Amino acid sequence: MNNLVEHYDVAVIGAGHAGCEASLAAARLGMETIVFTVSVDSIALMPCNPNIGGSSKGHLVKEIDALGGEMGKVIDQTFIQSKMLNKSKGPAVHSLRAQADKKNYSNTMRQVLENTDHLTIKQAEVTELIVEAGVVKGVKTYSGATYLCKAVVLCTGTYLKARCIYGDVSNYTGPNGLQAANYLTDSLRKNGVEMLRFKTGTPARIDKRTIDFSKMEEQKGDEKVVPFSFSTDPESVQIEQASCWLTYTNEKTHDIIRANLDRSPLYSGMIEGTGPRYCPSIEDKVVKFSDKPRHQVFIEPEGLNTNEMYVGGMSSSLPEDVQHEMYHSVPGLEHAKIVRNAYAIEYDCINPRQLQATLEFKNIKNLFSGGQFNGSSGYEEAAAQGLMAGINAALKIKGKELLVLDRSEAYIGVLIDDLVTKENHEPYRMMTSRAEYRLLLRQDNADLRLRKKGYEVGLISEEQYQDLLQKEKMIEEEMERVEKATVGTSSEVQELLEEYHSTPLTSGSTLGELIRRPELTYEILAPIDKNRPQLRYDIQEQVNINIKYDGYIRRQLKQVEQFKKLEKKQIPADIDYDQIKSLRIEAVQKLKMYQPMNIGQASRIAGVSPADVSVLLVYLGGK
């Protein structure tokens, strides 16, 4: 019998991207924190694609950083290629994406954890939650040790009862062959937690020396790299970058896949878990998009000190012999040697409707949850939830008001709101199209939106906060100046307009009016702006966007005003929906199931109609 008993404020279970952010946030807020991992070598592991960011995910990383999280800082130190995606479109969908040196990223994050005050790392498998009268009191490990604490954050990722599968090969291991966590699920179920079975997958890794790059298109990084973190010196990220490569599948590849679908565990019924719709396996793509003659395949380095290359776009769970044939049919991969086979991974996660918007369980007090365990996919989604869960665990212990970001404030708000109010039948992935106020929630203004909240919580320093206030002042002053500054019809002005195919001026104009022309920008107008002050790039960018999109921004701010009215209308925790006449039966069932905190949240629940919302408003207004 193991009599070891230790005491902590917060216990975080799992040290992936969610667990790292959760444990750092709690420890930095002064909580004595312990983070458990099945292997210290798997801290901040990237078991799938070694990149951070991408469409909408880049927004999440910027928001994590603005609130005082760590992911943006670590990727700025360990990236090997960086690109701003969607540059040909408007600023709302610009998204930063960086290829990481996988091992360096993991090691760097581990060093941050190891050198953070109030934070203890423990290699152990947590097997049991200690819950008394609906309140979590601690955890027990496989060895029988007891860790009593005031709050627990679950960040188990894809490790719970994990099973890796390709063909008829099935191993009960976590990602990358690491140990699975096989006992905690039973403890969660005993405490009334509803579990789901999801799956995700990863492609093969191949030996760089066996690739013929002459048959592929080289993909280089941006000439001017934009950092993820608002604290990173932009000059420090202007480095020599590694190349990625683009090739394509073809009809031969698709024929090989179709001929072997009966051997795919996805189609034979061997895999029970539900996979992510927006990150499908190559088998799924070939079946669901049968009209497409080819699919993109990105060959990406896993790091600077390894020859392993990631085959992006070709995750699979086909048998080993079929994988060889399939990959060899792709131009440039005819003689590729597979270092690690592609596989699918099944794992236990929760139905996130059991969580409040604070990421605390509704039925178990002081138990929080973050990351893929909440039914999401992706490193960035995980880190965002881990950060919020860690912050709120600390705030709960301190007796302070918990932090909830709404849909008009952050992509993090959209992510969590979608998880806790919408039916989740597959791993949830963040997308720009999910954010209805995305013109306001750009990645470039994440600090202006959220730095103050990070400061109020205690994760942003006084110095960082003063820098933010100074930045706000400079943006405001420059916008005011530009709106008033006039230019005439001089030859210099007309020549510049002609160069950018812009209509010549017949009378004077303000610089603001010129910036609003689609073909012109604040930067382009520099030669004719004689009184322009020397400003940092990020300030110039805000001036340009705020002036150029002024009309659209005002319209969205009006929509947000209406949205806030519904969010402010609180629903009492003890409301009895059965007593509200005129509410449809389905609405009553759904409202009882989700227990929304306010009318806004209630209106987003599937099965609650606008008419039901009106009934609720009348009922609450009459109380």
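The values are calculated or read from the model by the stated rules, or taken from the named source; none is laboratory data. Because the structure is predicted, anything quoted here is derived from the model rather than measured. Here the Cβ is made from the backbone with ideal geometry for all residues, glycine too, and neighbour counts use every protein chain on show. We work out accessible area using only protein heavy atoms, side chains counted, and drop any ligands, DNA or RNA first. Shrake-Rupley method; radii C 1.70, N 1.55, O 1.52, S 1.80 Å.
Within segment 487-521, the residues that satisfy the criterion of being surrounded by fewer than 16 Cβ atoms within 10 Å (Cβ to Cβ) and either in contact with an Asp or Glu (Cβ under 9 Å, 6 or more places away or on another chain) or among the acidic types (Asp, Glu) (or both) are GLU492, GLU495, GLU498, GLU499, TYR500, HIS501, PRO504, THR510, ARG516, GLU519.
Cβ contacts < 6 Å: first residue under 11 Å from VAL74 (Cα atoms), restricted to segment 101-120; second residue open to solvent by 20 Å² or more (accessible area, probe 1.4 Å) and polar (S, T, N, Q), any location; separation 6+ or different chain. Result? Final answer for the pair search is THR108/GLN77. The set of residues from segment 101-129 being more than 28 Å from LEU29 (Cα to Cα) and in contact with a strand residue (DSSP E or B) (Cβ under 6 Å, 6 or more places away or on another chain) comprises just one member, ASP101.
Does LEU160 meet the test of being among the hydrophobic types (A, V, I, L, M, F, W, C), open to solvent by 20 Å² or more (accessible area, probe 1.4 Å) and under 23 Å from ILE43 (Cβ atoms)?
Details: among the hydrophobic types (A, V, I, L, M, F, W, C): yes; open to solvent by 20 Å² or more (accessible area, probe 1.4 Å): no; under 23 Å from ILE43 (Cβ atoms): yes.
For LEU160, the condition - among the hydrophobic types (A, V, I, L, M, F, W, C), open to solvent by 20 Å² or more (accessible area, probe 1.4 Å) and under 23 Å from ILE43 (Cβ atoms) - is not met.
Just wondering, is there one or more residues in segment 319-327 that are in contact with a strand residue (DSSP E or B) (Cβ under 9 Å, 6 or more places away or on another chain) and open to solvent by 60 Å² or more (accessible area, probe 1.4 Å)? Looking for residues that are in contact with a strand residue (DSSP E or B) (Cβ under 9 Å, 6 or more places away or on another chain) and open to solvent by 60 Å² or more (accessible area, probe 1.4 Å), one finds at least one in segment 319-327, hence yes. Here LYS530 clears all of (1) within 30 Å of VAL404 (Cβ to Cβ); (2) at pLDDT below 95 except the condition numbered (1). You will find that of LEU261, LEU184, LEU246, LEU188, the residue that is surrounded by fewer than 21 Cβ atoms within 10 Å (Cβ to Cβ), among the hydrophobic types (A, V, I, L, M, F, W, C) and at pLDDT 95 or above is LEU246 and no other. For the residues GLN542, GLN589, GLN601, the requirement of being assigned to a helix (DSSP H, G or I), in contact (Cβ under 8 Å) with a residue 40 or more places away in the chain, farther than 22 Å from MET474 by Cβ and polar (S, T, N, Q) singles out GLN601. Against the definition (of a type in the set (Val, Ile, Thr), part of a loop (DSSP other than H, G, I, E, B), more than 29 Å from MET195 (Cβ to Cβ) and touching a residue at least 60 places away in the same chain (Cβ under 8 Å)), how does ILE460 come out, yes or no? So ILE460 fits the description; yes. Residues of segment 418-456 that are at pLDDT below 95 and open to solvent by 50 Å² or more (accessible area, probe 1.4 Å): LYS422, GLU423, HIS425, ARG429, SER433, ARG434, GLU436, ARG438.
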